[in-house]
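Quick note: the coordinates plus some simple rules give every number you see, no bench work behind them. The model shown is predicted, which means the values in this text are computed figures rather than measured ones. So basically every Cβ, Gly included, is an ideal-geometry build from the backbone, and we count neighbours across all protein chains shown.
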Amino acid sequence: MKTLKNLSTVFFLLLFVIASGCDTLNNEEPEVATVTEADLEAASSIMAESLSDQNEGMMANLNDMTANVGLQSLSYDRRRFSRNSDLRPCRGVNREYEREYDDSTGVHSIDYSRTHEGPNCEKTVEVSLNYTFTDGDGSFIARPFVSDAAISEIAFEGTRSGSSMYTTSRGSERSRSFEQKGEWNLSGLLSDVATLDGTQSSTGEYSFVRPDTSGNEVSGSGTYSMELNTVDVTITQSATEEDLENEISGQLQYTIMMSRTVNGETEEKEIEGTVELEGNGRALLRFNGLRQLYRIRLADGDVEVTDANG
């Protein structure tokens, strides 16, 4: 009898497990669309423009953040590209510069526009920046262009909106219209290595055409939203003139939501991953759970497919 009772108990336990499994299978989970090679090409293009200086991405904001804020202009004198415009032929020149300072809040407000038209690029962008400079005691610095050696920390907010078209040296063609906002904090400026914390978000429309590793043409277009966050990012302050792209290193995390229409059907994809800032002017783009890797040049957003050892 005890044996039969035990078998009966096991039988009902099995029924319970099977029933639970059926309930789980019958639950309606949101369908996750498969990420395709075309999606990765689009995501790498979006990230390249969202990061690079000449495409008004993160590095454009950070170059503004670390510039010398003057009464009539932003000065990039500590950067090599400021001495030779051929190094950044599509960067353009800041125009219609306006500056205000609120001594009650310590906020320096800067507005300018940047329009450029050349053989390989066109862009129009409006920029609004807010800076708060503090010294080692936490006091506001009202004249950073005079007291730059005393700056210990910068709280910065930068918004950029506009459109751009760009052809890279590898023959890639990209265009986008965008609205972008970055909130960054740079601390430890009185030491050799400063720490960067913050986030950037952007929305817009994109299109691209570029050759793949086999020489075939790949293309895509659609809309997107993107969020980028620092994980562990530092800036080494060079004693000599150096571009910021060669001083910044560490890791970023990102999330991209893309929407595009194919044959009358709208597809939405979410892609997440990391960006390794390599400290040599380049960044390695990784996608969570996937092997594909892309390397991005932070100055101009040029993209190449690479491998883990590349």
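Here Glu241 and Leu190 are evaluated by their C-beta separation; at R0 = 30 Å the FRET efficiency comes out at 0.90. Taking only the alpha carbons of the stretch 107-250, we obtain Rg and Dmax values of 18.4, 58 Å in that order. Of the residues Phe287, Phe133, the one with the fewest other Cβ atoms within 10 Å heads the list, and the complete ranking is Phe287, Phe133. For the chain, build the charge dipole from Cβ charges (+1 Lys, Arg; -1 Asp, Glu) around the Cα centre, then report which of Leu190, Thr105, Ala43 sits farthest towards its positive end. Ranked along the dipole, the leading option is Ala43. Relative to the longest principal axis of the chain, what angle (0 to 90°, nearest 10) does the C-alpha long axis of helix 37-51 take? For helix 37-51, the angle is close to 30 degrees.
First measure r as the distance between the Cβ atoms of Asp135 and Ser109, then evaluate 1/(1 + (r/R0)^6) with R0 = 30 Å and state the FRET efficiency to the nearest 0.05.
0.90
In the chain, the longest principal axis of the Cα atoms and the axis of helix 2-26 are about 40 degrees apart. Considering only Thr236, Gly289, Val275, and ranking their Cα positions along the charge dipole of the stretch 171-310 that arises from unit charges at the beta-carbon of Lys, Arg, Asp and Glu, the one farthest toward the positive end is Gly289.
Taking 7 Å steps out from each Cα toward its Cβ at Thr124 and Glu37 produces label points 3.8 nm apart.
Distance from the C-alpha centroid of the stretch 147-217 to that of the stretch 33-100: 5 Å, rounded to the whole angstrom. Each label point was placed 7 Å from the Cα along the Cα-to-Cβ direction; for Tyr97 and Val305 their separation is 4.4 nm.
How much length would be gained if the chain were fully extended between Glu272 and Thr199, taking 0.36 nm per residue of separation minus their Cα-Cα distance, in nm to one decimal?
Extra length available between Glu272 and Thr199 comes to 24.8 nm.
The average projected area of the chain, computed from the convex hull of its Cα atoms over all directions, is 24.4 nm². Summing Cβ point charges (Lys, Arg +1; Asp, Glu -1) relative to the Cα centre of the chain gives a dipole of roughly 620 debye.
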